[in-house]
1. Please name which of A:VAL207, A:PRO758, A:GLY539 has its Cα lying farthest along the dipole of the protein assembly as shown towards the positive end, using unit charges on Cβ (Lys, Arg +1; Asp, Glu -1) and the Cα centre as origin.
2. Output the peptides A:514-524, B:81-91, A:27-37, B:53-63 sorted from most to least packed, where packing is the average of other Cβ atoms within 10 Å over each peptide's residues.
3. Could you give me the ³J(HN,Hα) list for the range A:438-453, computed from phi with Karplus coefficients 6.51, -1.76, 1.60 and θ = phi - 60°, whole Hz, x at Gly and Pro?
4. Could you state how much accessible area A:ASP693 has, in square angstrom rounded to the nearest 10, with a 1.4 Å probe and all protein chains kept in place?
5. Can you give the % of DSSP beta bridges in the range B:2-76 that are antiparallel, to the nearest 5?
6. Note down the magnitude of the dipole of the range B:85-157 about its Cα centre, charges +1 on Lys and Arg C-beta and -1 on Asp and Glu C-beta and zero elsewhere, to the nearest 20 debye.
7. In terms of Cα to Cα distance under 30 Å, which lysines are near enough to A:LYS154, apart from those fewer than 8 places away along the same chain?
8. Specify whether the C-alpha gyration tensor of chain A places it in the rounded, prolate or oblate class, a ≥ b ≥ c being the square roots of the eigenvalues: rounded for a/c under 1.5, otherwise prolate if a/b is larger than b/c and oblate if not.
Amino acid sequence: MSSTLHMHGGIGESIKRKEDARFLRGQGHFLDDFVLPRMAHMAILRSPHAHARIKSIDTAAASAKPGVIAVVTGELMAQHKLAWMPTLSGDTQAVLATDKVRFQGQEVAAVIAETKYQAEDARDLIEVDYEILQAITSPDQAKESGSALIRDDKEGQKDNHIYHWESGDKAGTQAAFAKAHKVVRLNTFYPRCHPAPLETCGCIADVDGVTGKATIYMTSQAPHAIRTVFALVAGIPEHQIRIISPDIGGGFGNKVPVYPGYVVATAASLLLGRPVKWVEDRTENLISTGFARDYHMTGDLALDKDGKMLALRVHLDSDNGAFFADAQPSKFKAGLFHIVTGSYDIPTAHVTADGYYTNKAPGGVAYRCSFRVTEASYLIERLVSNAAMEIGMDQAEIRTKNFIQPEQFPYTSATGWIYDSGDYPKAMDVALKQLGYEDLKKDVEARRKKGEVTGIGIASFTEVVGAGPGADYDILGLRMFDSAELRVHPTGKAILKLGVKSQGQGHETTFAQIVAEELGIPAQDVLVMEGDTDNTPYGLGTYASRSTPVAGAATAMVSRKLREKARKLAAHLLEAAEEDLEWERGKFFVKGSPEKFKTIQEAAFAAYTNLPEGMEPGLEGVHYYDPPNMTYPFGTYAVVVDVDKGTGQVKVKRMVAVDDCGVRINPMIVEGQIQGGLTEGYGIAFMELITFDAEGNCIGSNLMDYLIPGSMETPKFEIGQTVTPSPHHPLGAKGVGESATVGSPAAYVNAVIDALSPYGITNIDMPVTSDKVWAALRSKGVTE
Amino acid sequence: MKVSMRVNGAEKSGDIEPRVLLVDFIRTNLGMTGTHVGCDTSSCGACTVLVNGDPVKSCTLLAVQVDGSEVKTIEGIAQGAALAPIQVGFHEEHGLQCGFCTPGMMLIGEELISRIPNPTDEQIRWAISGNICRCTGYMNIVKAVQHAAKLTAAAKAPAGKEAAMAGGGE
Ligand code: FES
Ligand code: FES
């Protein structure tokens, strides 16, 4: 069906996606599409209060409703030691509340019934008597002495503080600040937002009453890690758990954690001996599952008299909600935030972070971001633009002046990161040319003279993705490697099985292309399988832009292993010495005699039919790849906005995005990822907000309040690229899925602030909505 | 309550509670799962189907409200084994990533082309403005609809020349 079907599909070819076939026909297999024999349906009762003691729960009326099979409460879960579960950050989280509810939307009870409608009807009949407690909705409030203790369930927990964490050189940074010519400060709040994939989360738990085997279909980005967590939580032997992640309707980090609904559905299936399906609705998704950001940040940048950066000091307060459930490497309490020096050669830096419990949903997932890189990138890019404004320097110039230079790579940053490769001036150059920067600046000047409000914003981000080297990166002790298993059949067709899991990124195509390049089998002949823990090798999953850096590398390595065996087979067939053979994609030929060759398919056939003496039959292998370093994609984004003085409305006129993610395997798919990320970045900058009132009621609990960019407001993007390969990745590739969400919010906001700067406005926190812009202008006396 | 409708040209009926939503009737009773649910406030359009030729959000109608109507879902788009132009357009222009919004987007696109054979960028954006895509950023969806429009026009044109130029197809 595809116009590119005839292509080999090696690296760099924009072949059309293999997975499209089923989605185009409405034949994708999403979680809610599965119907198992005797399947029951579960609905969850959630707390209407942010903080309250549970005095009693009456389930009698619910139990009596027709179709109801069981009503599950925390008490019942406690009898099976399942009322609490561990989080991905080593804290604990209530599965069903037994003592208190700690956020609005927390799971309190569940009804299992014959149909979804019956389960929801009965759920509404459960009566819970609550004693309402003070709700804490911000770190500032959490710090106040005498404020309510949220986690009174934890022994030794005396206040609402979770962690203190530091990185960098405190004394060195202090000394540098003492000598600074100028210190620029930015106080900013990166508000809570939500990945909100179009498909919500859910599962079908099916525990076999005879064998005890638990098969759990789940919208999971990380099925293997989830299986291990389940083994630990539920005490089921790991070989008796099979997690199947079917087609996933977008994830963006939302589908990494273990949610209470999964645990309750599994327990219910175990107790009832029937499959139990639970699919959350949109409100449940927005109010209870993994949120993102919620970082209160203060950054100080020390400059010398020429605008050279001397030091960076950052403090942040993290609002983690009621349970510390951030999905991130164990070692780093604030994720990878200490990449905060960004693209700049800043000699010294010091970062401090404190985490707090609040009466808000837990989660702390990275919404299309590599563990808090987004917050870091936003802070430094906003700070640098504000610095330029304060010292009267051009915002491109201050960046270029302070960039880490191409010859400095590998570059060790002030907080200890070892950047693999980069050419930041080049990306800036390409972006400015595309933008027509110099002319544009004149145009802005001229229009401002006429009283128009218009501005340009630039952001030059550096990301750190592809977690990660096993020595430093683990989740609950599991090292963050990934894996690929490749099997070539006698006729030369292959199956590639991976530990990662696509949610729309096009793995079935991209990973087949890596095999096509490295082993020479056309991409069309390589079937990619993911998301079934019984049938794929162990891996940590797809998030934090790690699939290509880690599983992509594993795929290249296993392909090369097989190629070496194929070389032996070809030598045997050609009756030549191995070292006399040369490889050209798809075949081995005898040096100097290109007409004497054997194709990879012939070699594969020989692996099953005609082996050299003593060789093990078959052509298959597995590779577990522990990356030697992270990869550091980067880019420069530039935005032009017009602001309506009368309404405060911001119109994005242009968005130029130049990305460098190293070698691109399928450029079409890479650009698709960037366009999607720029859209989510636009949403975060201008629209998306999860907030709370003083009682802890979640505002932003449905898609009428939580605004996602639609086709009308989403800007048209101008995409550009540079290519600086990663020196340590076998293909030279870096991750890209998240670059645009990481880099673009600062570019959008910088453009608005640039537009408002003539009026002395230096900051507006996201989302930059019309009312905030309007109020900022009015506060400076600007009217129509 | 008895309800019957023609779905993708075939007579379908059921005995359901009056409160059953059209989307649930399609997905659960008819077992056609290409129509999706992405929200509970009529905001996302993942549930879009055509009723008597008009796009509707099937999460916002009761099944009994369309009794006697003609319903078209994503499963009814392809012409047998061959893909319809709108499907070819989405494939060729990379108009889908996770594929969850795609059925709704394609139905809207097909209906738009039937009214406006050569829609502009703005007309397409307006037509899909009730549908959310979280993955693509819409640019490729716009291109996909335009690609489909060209294929549709070429198929209607007397000579086969333009069809070959438009590319794609089975
Ligand atoms: S499910 Fe119908 S509009 Fe969202
Ligand atoms: S392709 Fe995922 S929501 Fe549109």
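1. Projecting each Cα onto the dipole axis, the largest value belongs to A:PRO758.
2. Numbers: A:514-524: 25.5, B:81-91: 23.4, A:27-37: 17.4, B:53-63: 19.1.
So the peptides A:514-524, B:81-91, A:27-37, B:53-63, ranked by packing, come out A:514-524, B:81-91, B:53-63, A:27-37.
3. 4, 5, 4, 4, 5, 4, 4, 4, 4, 6, 5, 4, 7, x, 7, 10
4. For A:ASP693, the solvent-accessible surface is approximately 50 Å².
5. Values: 13 of 15 bridges.
If we restrict to bridges inside the range B:2-76, about 85 percent are antiparallel.
6. Values: 6 positive and 6 negative charges, 6 e Å.
Using only the charged Cβ atoms, the result is roughly 40 debye.
7. A:LYS154 reaches A:LYS55, A:LYS81, A:LYS100, A:LYS143, A:LYS255, A:LYS331, A:LYS333, A:LYS360.
8. Values: a/c = 1.81, a/b = 1.06, b/c = 1.71.
Because a/c hits 1.5 or more and a/b fails to exceed b/c, chain A counts as oblate.
The values are calculated or read from the model by the stated rules, or taken from the named source; none is laboratory data. From a predicted model like this one, the values you see are computed outputs, not experimental measurements. Here the Cβ is made from the backbone with ideal geometry for all residues, glycine too, and neighbour counts use every protein chain on show. All accessible areas refer to the heavy atoms of the entire protein, side chains included, with ligands and DNA or RNA removed. Shrake-Rupley method; radii C 1.70, N 1.55, O 1.52, S 1.80 Å.
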